[in-house]
Amino acid sequence: MSTITISARATTPVAQPVDSLAPNSSALDTPADAPAHLRRALDHIFHRTDLCRTEHRAIVEITHSVARAVFEVVAGYRSVSQLAFVMEPTCIAKLQRRALLETGQYSVEPEPGTAHGQILSLHLDHCFSGAWECTAILGFKNRVRAVALKIEPWHGRWQVTDVELI
């Protein structure tokens, strides 16, 4: 019986006898492979491409910036029109209604403790349609809020097609 191991120097898996993996073997005395090596191996096993990683990074950046901007709009720190480039008009209208409800009309002075929320957690889910469903939990001075975004490809760029505030 043999075990397949992936060596950092070899491009193909190398079969080794089970006896060579005994507890007193010198293979266990060497430090573990670098995380980059493990990532390459997993990418090969699951057929991931560099495109997948760059797309994921773009979605993380969009979710991070839009989630913070959404709560700045609701708090009155930012104008809704600043998100027009990344959001559909239906999302813009939804944010305007929510901002009017939460701030009691737009005020010149924002509510204290509502700006500069820190992202506590970010969850991404890739759908079969090519869209991404993202949730971000933000911590503010006095409360924790969440936003859910649906981000879809649109004419060569990403656009937020649905937004829900929790």
| Subset of the stretch 120-141 (residues that are among the aliphatic types (A, V, I, L, M), in a strand (DSSP E or B) and surrounded by 15 or more Cβ atoms within 10 Å (Cβ to Cβ)) | LEU122, LEU124, ALA136, ILE137, LEU138
| Here are some residues: GLU72, GLU61, GLU102. Which one is modelled with pLDDT under 85 and either more than 13 Å from the chain's Cα centre (by Cα) or assigned to a helix (DSSP H, G or I) (or both)? | GLU102
| Which of the residues spanning the stretch 126-149 are under 12 Å from the mean Cα position of the chain (by Cα) and at pLDDT 90 or above? | TRP132, GLU133, CYS134, THR135, ALA136, ILE137, ALA148, LEU149
| note | Pairing a residue in the stretch 71-84 that is on the phi > 0 side of the Ramachandran plot with any residue that is hydroxyl-bearing (Ser, Thr, Tyr), where Cβ atoms lie under 9 Å and the two sit 6 or more apart in sequence or on different chains, gives GLY76/THR103; GLY76/TYR106; GLY76/SER107; GLY76/THR114
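The values are calculated or read from the model by the stated rules, or taken from the named source; none is laboratory data. Computed from a predicted structure; not experimentally measured. We place every Cβ from the backbone using ideal geometry, glycine too, and count neighbours over all the protein chains shown.
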